[in-house]
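This report refers to the structure that appears directly beneath it.
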Ligand SMILES: [Fe+2]
């Protein structure tokens, strides 16, 4: 059998392809790391990617310590625990293996262990103080597993991570344009999320086209390696786009949904607490949001629906919101998503609290293509309660 590693593509800071995980040891060695904290969650800790990463690190002579307590959907408490571990451990490098939760936990651990500060220092205002990161961080390599490398990935996990990817792309494409957002007082205060821009647009377009082609296949057939590999690449492409542009209301509204859930547990997940996976809480809000934001930029909403393969023939600007939201709802039905927030345990009586939980998320709410009031948010949550009969 040919050496799989030769098929790996190594473009700037992204490494992709079979065999990439096996190179993490030499990559971190090249970045100067000698003692590394490997962050993962208790489930992924048992899987092959962690074993492969550890073997690679140790083969490169790196002292690697596993931290397998990243919480699926992290909390302040779980972040602080990881930060303590990182601070006490004296690490000079980090590896995350798993989903967004493990990657975010590793980033927080790196940040607070490298530049110690109280927990709210670097959290975006108005929740935290929004202080800029003081300087370079220690090297961190993230090895995402949710979109494709875990071959026994349950369909619901593939569906939720795929919808997150899709929403990253559509939100960054429809976000407030960078020239319309508030200018920073000085360059170092420019936020990471800058609004829709010509560079992020390219990544969003490509992502939506790839999702259109491969998403349903990846959800329906765990053995479809091509579809899962393409969704993995789409996740990376969307990340480059929204990492610069930002996301807006579907994400902003998702945080209180994930935070307030009482009992819901999705099929295929085995958490020890109620859980709305991030991608699910995002996509349950999305059709309601895009129906409302379309008037700010109908062309972009129609364009996103077109790339997604929606029925756009004869549609004019006034139909843009309906067309994009219907296209998303159809995808939700095809992939067995719950029918809106009601299906995961929310009702009209929760809307005020959901609105209150969304309002402080300025990092993303301020990127909505239309200014949003608490009353608007009420309407958006009510609209997200259910989508079909
Ligand atoms: Fe997301």
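Any read-out appearing in this document is the output of simple, stated calculations on the displayed coordinates, not a laboratory observation. These figures come from a predicted structure and were not determined experimentally. Every residue, glycine as well, gets a Cβ built from its backbone with ideal geometry; the counts of neighbours run over all protein chains shown.
Here the range 355-379 is scanned for amide nitrogen atoms under 20 Å from the site 7 Å beyond the Cα of residue 347 along Cα-to-Cβ, giving 355-356, 378-379.
Measuring between their Cα centroids, the range 36-95 and the range 194-237 lie 27 Å from each other. Rg and Dmax over the alpha-carbon atoms of the range 209-287 stand at 14.4, 37 Å.
Taking the Cα atoms only, what angle lies between the long axis of helix 100-114 and the longest principal axis of the chain, rounded to 10 degrees? Compared with the principal axis, the helix lies near 60 degrees.
Need one number: % antiparallel among DSSP beta bridges in the chain, to the nearest 5. For the chain, the DSSP antiparallel bridge percentage is about 15. In angstrom, the C-alpha Rg and Dmax of the range 267-389 are 15.0, 49. Over the range 4-144, the ratio between the Cα radius of gyration and 2.2 N^0.38 Å evaluates to 1.04.
Roughly how many whole Å is it from the C-alpha centroid of the range 262-282 to that of the range 350-368? Using only Cα atoms to place each centre, the spacing works out to 21 Å.
Descending by average beta-carbon neighbour count within 10 Å, the peptides 322-332, 66-76, 280-290, 347-357 line up as 280-290, 322-332, 66-76, 347-357, the highest first. Relative to the longest principal axis of the chain, what angle (0 to 90°, nearest 10) does the C-alpha long axis of helix 278-293 take? Relative to the chain, helix 278-293 is tipped by roughly 30 degrees. With the gyration tensor restricted to C-alpha atoms of the chain, the semi-axes of the equivalent ellipsoid amount to 33, 24, 21 Å, longest first.
Site pair residue 322 and residue 65 shows an inter-label distance of 6.0 nm when each label is modelled 7 Å from Cα along Cα→Cβ.
Peptide packing: for 169-175, 23-29, 242-248, the average count of neighbouring Cβ atoms within 10 Å per residue gives the ranking 169-175, 242-248, 23-29, highest mean first. What would the Debye equation give as log₁₀ I(q)/I(0) for the range 88-226 at q = 0.12, 0.14 Å⁻¹, counting only Cα atoms as equal point scatterers? Here log10 of I(q) over I(0) equals -0.68, -0.90.
Angle of helix 225-245 to the longest C-alpha principal axis of the chain, folded into 0 to 90 degrees and rounded to 10: 80°. Extending 7 Å from the Cα toward the beta-carbon at both residue 299 and residue 199 defines two label points whose distance is 2.3 nm. Each of residue 182 and residue 127 was given a label point 7 Å from its Cα along the Cα-to-Cβ line. The distance between the two points is 1.7 nm.
Extents of the range 155-383, taken as max minus min of Cα coordinates on every principal axis and listed largest first, are 47, 41, 40 Å. Listed peptides 221-230, 184-193, 156-165, 199-208 appear in the order 156-165, 199-208, 221-230, 184-193 once ranked by packing, highest mean of other Cβ atoms within 10 Å at the front.
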